[in-house]
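Structure first, commentary second.
The values are calculated or read from the model by the stated rules, or taken from the named source; none is laboratory data. Bear in mind that the values here come from a model prediction, so they are computed numbers and not experimental data. Methodologically, a virtual Cβ is constructed for each residue, glycine included, from the backbone with ideal geometry; neighbour enumeration extends over all protein chains shown. Only protein heavy atoms, including side chains, enter the accessible area calculation; ligands, DNA and RNA are left aside. Shrake-Rupley method; radii C 1.70, N 1.55, O 1.52, S 1.80 Å.
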Amino acid sequence: MHRPILSALVLALVFSSPALTASAQESDFATKRNFESRATALTARIDAAITTAQLDSLKNEIDVLELDFEQHTAFLDKALYPETFQSRMKGIRDLHARTRVRVGTIQSQGTRIAEMEGAIQTLTYRLDTLSAQRDRLYAELVQNKTNTMALRETLRRLQNMLQTQDKLMFALVDSIFMPYGKDLATMSDVQRDALSTTMISNNLITRVYNIAADNMHFLGATELQGKDFAPLLDHYRQFEGRWRGLSEKIRAVSIAAQSPHADSALSRSRGGTIIQASRFPTVAQTLQVDSLLGEWNTRLRMNFWSAIEREFSSRQIQLTPFSDAPGFSASIRTYVQSLHNSGDDPTLFVEEVWKGRIDKEWRDGLTREGMLGKEEYAALDKLVSELARTRIDMKFVLYIGITGVVVLVLWWLLARKPKAPAKA
Amino acid sequence: MVPARLLIAIIAVIALTLPSCSSLTLEKADFGWPVESPLKVSATNTVEDVRYAVAFPVAPLAMAEFADSSALLGSTLRVIRNHEGFYFVTGPRFKHVYIFAPRAGALVQSAALEVSTTGLASPAFNLRPPYIELVDAGSNPRLLTSSDIVEGKK
């Protein structure tokens, strides 16, 4: 009765014994390899984790790994030389802690990025709308060339449009960079990829380049007047400052990435200059914008100084040619000195040109930092005013003299007592 | 007849010079590797262990085990050193564990222990001082010394 059961048990024991034997005997090398492969796989999974939930689960796996191999500590300390079992486990736990901080940061930034995405969309839409407006205004500018009033109005609107465009552009830049904080050099690969994607999808560098090109184009669109230049100079300085900030950020991230930008595509800007769109904006791209800004600055200053020169030459005042602030200053000083020496009438120069045009129309532009500056302008103004005062003083003396003579004559005529008639 | 004085002088000289002839010995040295090294036989019929900085040709071993000097090309040998400093070498299809003593520029066979009649399947060594443990799939582990199998003999 019990015999078949007994036989089955014996058979089961016979068949299972090799398996039992095999599981019981493991080579130390296999133990070492098993530990190393599990530790390596766990490390890779920790490094690739993107959520805190994943990391919580991985923490349990670290505990299991440690528990599984704790009994082999003495052996693994030798086998893993120069590492030890504990140092390897500590390395894994440290990596887990670092990854947790990183993932936490990314998750919180992800929330901020989501908030900013709406703002970015609105800004890009408004920028695109402005481009159409800009084209309309340029067309108006051509139409209104004969109508001075209308031309001035169009110019004012065009200038406002360009400034709005700049503000929107740099608001867009702030919106893109804000979620990533200040320390861009230490951002993770995941963050860098997200940032580069946002920058590329919004054509950030191309937009900056095109806006700079628009501003430069505006300078050549029509003849500008003295008062137009002060806001243009301010505008350039603000743009240049903001661009410097942006390019530093791009460089910081680019250098940190230190990755080859092989997967590059090309996009062509409005002005025909090629802007390279790569995985992340490269230093070369920022240099292209730098170069355009340099050109914008040169053209702005050239227009400014040549327009001032025309103020003098159109009134037959021949100054030594100048193309910058020191040249202008030297030229005015030379002319004032020549007037002094020659004794020619300075009225035209002082009253009509300097006071009537330069001081009224050009002072705002000339007093800007990077042009003459306030001090140098004040010194020149004083010099020119003294030239006029010298003439006025001479006249004043003459008038006083004439008045004195008249008073004397009158006094002699009126105060002289009539002689009493001789008594008969 | 040797004079007594001369005899005393000879004995004195020998007593003084003998200690300087004996070599310095550091007892209880331990050469054991904590873990075996699986070493792949290269195309030049040699194996090299980078960690323990040891390399040797295996053609004579292949000749001894398989009567074919190129039989081990591309295969993986298991090598371990016991606490006494003997190298234990074996591998898949081996019927023996070869034990070598290191000499100047050579490994000299001190024993070849028969561990299988059909050849080992996937052998591995463990250091179990004062023994070396040989494990192989499907058979009981055996404890080896530099000259014999002390446990798990067939």
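Considering only the other residues whose Cβ falls under 15 Å of the Cβ of B:T76, what net charge follows from Lys and Arg at +1 and Asp and Glu at -1?
Values: positive: A:R33, B:K40, B:R78, B:R93; negative: B:E36, B:E48, B:D49, B:E65, B:D136.
Within the 15 Å Cβ shell, the charges total -1.
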message = Taking amide H atoms as placed 1.01 Å from N in the peptide plane, list the residues 5 or more away in sequence, or in a different chain, whose amide H sits under 5 Å from that of B:F56.
response = B:V47
task = Order the following by accessible area, largest value first: A:K78, B:K95. Probe radius 1.4 Å; ligands, DNA and RNA are ignored.
result = A:K78, B:K95
ask   = Considering only protein heavy atoms, what is the solvent-accessible area of B:T46 at a probe of 1.4 Å, reported in Å² to the nearest 10?
value = 50
note = In the stretch A:24-59, accessible area falls by at least 10 Å² from chain alone to full assembly (1.4 Å probe) for A:Q25, A:E26, A:S27, A:D28, A:F29, A:K32
task = Could you let me know the centre-to-centre spacing of the stretch A:52-67 and the stretch A:297-369, using Cα atoms, in angstrom?
result = 78
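Which value, in square angstrom to the nearest 100, describes the accessible area buried between chains A and B on both sides, using a 1.4 angstrom probe?
Numbers: alone 25070 and 9370 Å², together 33410 Å².
That pair hides around 1000 Å² of surface in total.
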query = How high is the relative contact order of chain B, in percent, counting Cα pairs under 8 Å that sit 6 or more residues apart?
reply = 16
remark   = Measuring from the longest principal axis of the C-alpha atoms of chain B, the long axis of helix B:4-21 (C-alpha) lies at a number of degrees, nearest 10, equal to 30
ask   = What residues does the stretch B:31-57 have that are buried by at least 30 Å² of accessible area in the full protein assembly compared to the chain on its own, 1.4 angstrom probe?
value = B:P34, B:V35, B:P38, B:R51
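If you add up the charges near A:E36, with Lys and Arg at +1 and Asp and Glu at -1, over every other residue whose beta carbon is less than 12 angstrom from its beta carbon, what do you get?
Numbers: positive: A:K32, A:R33, A:R38, A:R88; negative: A:E83.
Taking every other residue near A:E36 into account, the sum is +3.
Measuring with a 1.4 Å probe in the full set of protein chains, what accessible area per residue, in whole Å², belongs to the stretch A:299-368? Before the final figure, lay out each step's value.
On the way: 3500 Å² over 70 residues.
Ligands and nucleic acids excluded, the result is 50 Å² per residue.
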task = Measure off, as a whole percent, the carbon and sulfur share of the 1.4 Å-probe accessible area of chain B, all protein chains present.
result = 60
ask   = Carbon and sulfur together cover what percent of the accessible area of the stretch A:294-333 at a 1.4 Å probe radius?
value = 53
ask   = Which shape class applies to the stretch A:132-255: rounded if a/c is under 1.5, otherwise prolate when a/b exceeds b/c and oblate if not, where a ≥ b ≥ c are the square roots of the Cα gyration tensor eigenvalues?
value = prolate
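Pull out a ≥ b ≥ c, the square roots of the eigenvalues of the alpha-carbon gyration tensor of the stretch B:18-154, then state rounded if a/c is under 1.5, prolate if not and a/b is larger than b/c, and oblate in the remaining case.
Details: a/c = 1.90, a/b = 1.33, b/c = 1.43.
Note, shape of the stretch B:18-154 comes out oblate.
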query = aspartates and glutamates within cross-link reach of A:K78: Cα-Cα under 13 Å, excluding same-chain residues under 8 positions apart?
reply = A:D28, B:E36
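Give A:K59/B:K40; A:K32/A:K90; A:K227/A:K374; A:K167/A:K227; A:K227/A:K249 a once-over and call out the pairs whose C-alpha atoms are over 27 Å from each other.
Details: A:K59/B:K40 37 Å; A:K32/A:K90 17 Å; A:K227/A:K374 16 Å; A:K167/A:K227 22 Å; A:K227/A:K249 35 Å.
The pairs that break the limit, which is 27 Å between Cα atoms, are A:K59/B:K40; A:K227/A:K249.
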Anisotropy class of the stretch A:27-165 from Cα gyration tensor, a/c 1.5 cut = prolate
message = Around A:K145, under 15 Å between beta carbons, what's the net of Lys plus Arg minus Asp minus Glu among the other residues?
response = -2
